[in-house]
Amino acid sequence: MLDLSQILILGLVAVLGFVVYRWRSHDAQEPPVVASAIPIFGHLIGLLWYGISYFGQQAIKHSIYPIFSLDLIFVKIYVIGSPSLVRNVQQNSKILTFEPFMEFSAKRMAGLSPPALEMLKLKQASGHSLFTDILHGMFPTLLGESLDRMNERMIRLLRPFIDELGSGGTIDWYEWTRHAITVASTDSSYGDMNPYKDQKIEDAFWDFDNYLSPLIANILPLLTARPAWKGRENLIDALEDYYNRGGHENSSDLTFARFKIPRDAGMSVRDIARLEATMAFGLLSNTAPAAFWVLYDIFSRSDLLEEIREEVRENALHVMEDGTHIIDLADLRDDCPLMISTFQEILRTRSSSTSTRFVTKEVMVGERYLLKEGNVVVMPAISIGRKSDVWGATNDDFDPRRFMKPTAPDKKSEGKKDPRRVGGFMAFGVSPVICPGRHFASGEILGLIAMTAMRFDVLPVGGVWKDPKANAMAITSIMNPPKESFNVNVRPRKEFEGTSWDFKVTEGKSKYPLVIG
Ligand code: HEM
């Protein structure tokens with residue numbers, strides 16, 4: 001009978017043997033392997049410690065390579081650092097695909113039952129898998145009239161949160177932003193019976209999100225990832241109850257389509273609720289921290305803040321006869337180029353977007369790098385999105401005017417080149433996997449910023465703008481959500497004291513002219 005130490009030694013020998021075997025089987029044409037300071041397990045430990053931003057850190061460290069390999073023992077990760085190789089990945093989108101990750105997400109994050117997983121992979125009458133049908137079914141619901149209706153509701157809900165700041169005082173700014181975005185986004189999606197209205201369910205989702213990486217590791221999740229596991233199961237119960245009470249029948253086109261398509265294909269309500277629990281990763285996990293960083297990066301630059309206030313005052317603020325101050329979202333979109341540009345520059349500099357593809361068949365990229373089936377390709381924005389060959393000599397600077405077109409009505413941007421450069425801006429993904437929720441998120445974030453900037457002065461407690469640390473366990477978010485509180489003092493601005501405020505949404509004007517990768 002073997003004792004524990006013998007079993008451990010045997011295990012170690014097996015892993016070492018496997019590593020040596022893989023090292024020897026590394027083809028000379030594959031991207032070069034970069035070593036870690038800790039032999040064998042180093043990259044795996046790095047990934048668990050830093051989350052997905054580890055890929056970006058490695059890409060910066062090894063920036064001399066256009067592409068390199070990280071050995072994670074059971075899978076190789078090909079890290080791309082060159083915009084031209086990103087284009088190669090796009091050209092091979094049938095071989096380098098995102099779809100296996102949807103399956104991974106449904107299994108590991110949502111905990112879908114095996115029959116439902118099989119159903120998702122099955123080809124439907126459309127010729128696509130049910131996975132793809134659900135995804136394609138969502139796209140039109142985040143545009144046009146469906147988007148207008150969501151925006152109407154979202155903006156009505158956002159305003160009271162901003163009004164609340166009128167009483168002044170000290171708040172945790174990320175907590176406030178996250179709560180406002182959660183309420184406004186989920187209500188506009190789920191309608192009157194929105195399960196997230198219950199504070200316990202809102203908390204359940206953020207527990208699920210904040211402790212996701214140990215849940216995905218799936219090693220005794222009840223012990224190692226208890227908050228995420230409990231949060232997810234409570235959220236699923238609430239969503240199942242929502243469907244059983246017919247909540248989706250009076251919701252957005254988005255929520256309705258996400259129920260109807262799998263239901264028509266025969267999926268159980270429980271499994272649809274499981275799938276829907278992961279929708280909030282799209283709806284909330286990036287928008288909430290993105291809104292926080294946009295607030296932070298604008299309020300911490302007093303000159304920029306003043307310029308944005310001036311732009312909003314001149315072009316998007318309407319004072320009604322009864323004295324109500326109205327901010328028109330369509331005007332923010334069409335006539336506030338500095339604000340739109342600043343928003344994108346903040347996403348460029350803050351995002352740790354790491355677009356991911358699965359290698360489904362051996363393929364050459366850049367005419368000399370062999371990618372082998374079963375491995376994974378990652379494209380970290382933090383390195384590619386900062387390259388000087390894409391952004392010029394100011395690549396590392398924060399330039400709020402970077403995304404302004406040369407014709408923009410703003411003196412400081414005269415003579416600038418057109419900022420749209422393929423392959424460099426990845427905060428909303430890399431074609432063909434582009435975020436369908438970007439217009440909804442942009443309206444929400446810009447509305448929040450415009451009104452908060454006009455009405456309030458905000459200063460950090462202690463007077464220092466020091467970035468709060470990011471939560472590496474929230475691995476679905478590319479916007480580095482803070483893991484610690486960031487307390488600020490809020491004071492209503494004298495100029496608008498005692499005035500009432502509102503937003504306006506104009507139909508057909510909800511699509512933003514954003515740069516995409
Ligand atoms: C500032 C906020 C947001 C950011 C920065 C963002 C970013 C992204 C990125 C980078 C991707 C591509 C992922 C990849 O290639 O691995 C993506 C995909 C996606 N996003 Fe967003 N997102 C935001 C808000 C939203 C919202 C509000 C929704 C829903 C209403 C949403 C729904 C989705 C969906 C469904 C996908 C998958 C698309 C596909 O597989 O083709 N996102 N998002």
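Observations
- Net charge of neighbours whose Cβ lies under 11 Å from the Cβ of GLU145, counting Lys and Arg as +1 and Asp and Glu as -1: -3
- Distance distribution note for region 345-384: the fraction of Cα pairs above 17 angstrom is 44%.
- Over region 266-403, accessible surface divided per residue gives 33 Å², non-protein components excluded, 1.4 Å probe.
- Value of [θ]222 nm, deg cm²/dmol, for the chain, DSSP H segments ≥ 4, -39500 (n - 2.57) each, nearest 500: -14500 deg cm²/dmol
- Heavy-atom accessible surface of the chain: percent carbon and sulfur, 1.4 Å: 56 percent
- Environment charge at ALA288 (Cβ cut-off 12 Å; Lys +1, Arg +1, Asp -1, Glu -1): -3
- Ellipsoid semi-axes for region 248-357, based on the Cα gyration tensor and the rule √(5λ), read 37, 21, 11 Å when sorted largest first.
- Computed with a 1.4 Å probe over protein heavy atoms only, the accessible surface of region 423-471 comes to 30 Å² per residue.
- Over the chain, all Cα pairs binned in 20 Å intervals from 0 give whole-percent P(r) values of 21, 55, 23, 2, 0, listed from short to long.
- DSSP-assigned coil residues among trypsin sites (Lys or Arg not before Pro) in region 58-104, each with at most 16 further Cβ atoms within 10 Å: LYS94
- On the principal axes of its alpha carbon atoms, region 94-187 extends 55, 32, 26 Å, with the longest extent given first.
- Between region 290-324 and region 194-217, the Cα center-to-center distance that results, in Å: 32 Å
- Principal-axis tilt of helix 337-350 within the chain, Cα atoms, nearest 10 degrees: 30 degrees
- Backbone amide hydrogens, once placed in the peptide plane, bring ASP328 within less than 5 Å of HIS318, LYS504, excluding anything fewer than 5 places away on its chain.
- Over 24 Å between alpha carbons, listed pairs LYS197/LYS469; LYS123/LYS511; LYS61/LYS387; LYS405/LYS483; LYS107/LYS469: LYS197/LYS469; LYS123/LYS511; LYS405/LYS483; LYS107/LYS469
- Here the spin labels are modelled as points 7 Å beyond Cα on the Cα-Cβ line, and at PHE101 and ASP264 they lie 2.8 nm apart.
- Under the combined filter of DSSP loop state and at most 16 neighbouring Cβ atoms within 10 Å, region 280-364 retains these trypsin sites (Lys or Arg not before Pro): ARG301, LYS361.
- Rounded to the nearest whole Hz, the Karplus-based 3J(HN,Hα) values (6.51 cos²θ - 1.76 cosθ + 1.60, θ = phi - 60°) of region 56-64 follow the sequence x, 4, 5, 5, 5, 4, 10, 5, 6, with x at glycine and proline.
The values are calculated or read from the model by the stated rules, or taken from the named source; none is laboratory data. Because the structure is a prediction, the values reported are computed rather than measured. Glycine also receives a Cβ, built like all others from the backbone with ideal geometry; neighbour counts cover every protein chain displayed. With ligands, DNA and RNA removed, areas are computed over all heavy atoms of the protein, side chains included. Shrake-Rupley method; radii C 1.70, N 1.55, O 1.52, S 1.80 Å.
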